Amino acid sequence: MSAMMGLVRRLVIAVLAFAGWSMALAQSAHLDGATAEPTGQASPQRQREVARRGADVMPFNLEATTHVFMKTARGGIQKVVAKDPSNLAQVRLVRAHLREIQLQFEHGNFSGPAHIHGQAMPGLAELQAAPQGAITLAYQQVQAGAQLTYSTRDRKLVAALHRWFDAQLSDHGKDAMVGHQHHGDMPAR
């Protein structure tokens, strides 16, 4: 009987240790913002307001494009593509806009997202306060659009970028989606 009690006691300790380890791991991933999914979509009223203000900043038609946000361990990738790849006018506008915001963001100018999403946008204050060069941005043309790759070694800025991506996913609703990097993703020619 005491051997059985010892076995049960060790099993309970192992289960509790595993549960504590799992909770600590989940909390760490949440705090780091490593791969957390967005919490949900903004209200339809908020999405309409964001779309209205977006027209002031984004030269392309939001409904004719899709924003794709992929979180990475060092930041993330923001891709914007035309829903109709043959709509070359939208493709050109997307590419020009992403090139422009790359230059703005590299100089700490996040006025576009602040205008569209509001100054209280999650992650925005940290991004605005980041020292110049703390986040590198790489522009790349992709099929039907372009993408920006955000990269930093600062874990707090990675978490801020992830919160910022989540806010955009929430606010852009049906015109945005979570993306996943695939080996087949090829740059445009």
Among Ala89, Ala138, the single one that is assigned to a helix (DSSP H, G or I), surrounded by fewer than 21 Cβ atoms within 10 Å (Cβ to Cβ), out of contact with any helix residue (DSSP H, G or I) (no Cβ under 7 Å at 6 or more places or on another chain) and not acidic (Asp, Glu) is Ala89
Name the pairs whose Cβ atoms lie under 8 Å apart, with the first residue in segment 107-136 and under 16 Å from Arg52 (Cα atoms) and touching a residue at least 24 places away in the same chain (Cβ under 8 Å), the second surrounded by 15 or more Cβ atoms within 10 Å (Cβ to Cβ) and among the aromatic types (Phe, Trp, Tyr), and 6 or more positions between them or separate chains? Pro113/Trp164
A careful count of residues in segment 107-153 that are among the aromatic types (Phe, Trp, Tyr) and under 14 Å from the mean Cα position of the chain (by Cα) gives 1
Based on what the data block shows, is Gly112 small (Gly, Ala, Ser), surrounded by 14 or more Cβ atoms within 10 Å (Cβ to Cβ) and closer than 20 Å to Lys156 by Cα? no
Of the residues Gly133, Gly145, which is of a type in the set (Gly, Ala, Ser) and crowded, with 18+ Cβ neighbours inside 10 Å? Gly145
Only one residue in Val57, Val94, Val68 is surrounded by 12 or more Cβ atoms within 10 Å (Cβ to Cβ), at pLDDT 65 or above, out of contact with any strand residue (DSSP E or B) (no Cβ under 7 Å at 6 or more places or on another chain) and not polar (S, T, N, Q), so which one is that? Val57
Does Pro122 count as crowded, with 16+ Cβ neighbours inside 10 Å, part of a loop (DSSP other than H, G, I, E, B), assigned by TED's automatic domain parsing to the domain that holds Trp164 and not hydroxyl-bearing (Ser, Thr, Tyr)? yes
Determine whether Arg99 is in a helix (DSSP H, G or I) and basic (Lys, Arg). yes
Residue identified as surrounded by fewer than 20 Cβ atoms within 10 Å (Cβ to Cβ), closer than 30 Å to Arg48 by Cβ and assigned by TED's automatic domain parsing to the domain that holds Arg48 among Arg155, Arg163: Arg163
Please indicate, with yes or no, whether at least one residue in segment 144-151 is in a loop (DSSP other than H, G, I, E, B) and assigned by TED's automatic domain parsing to the domain that holds Arg52. yes
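The values are calculated or read from the model by the stated rules, or taken from the named source; none is laboratory data. Computed from a predicted structure; not experimentally measured. Every residue, glycine as well, gets a Cβ built from its backbone with ideal geometry; the counts of neighbours run over all protein chains shown.
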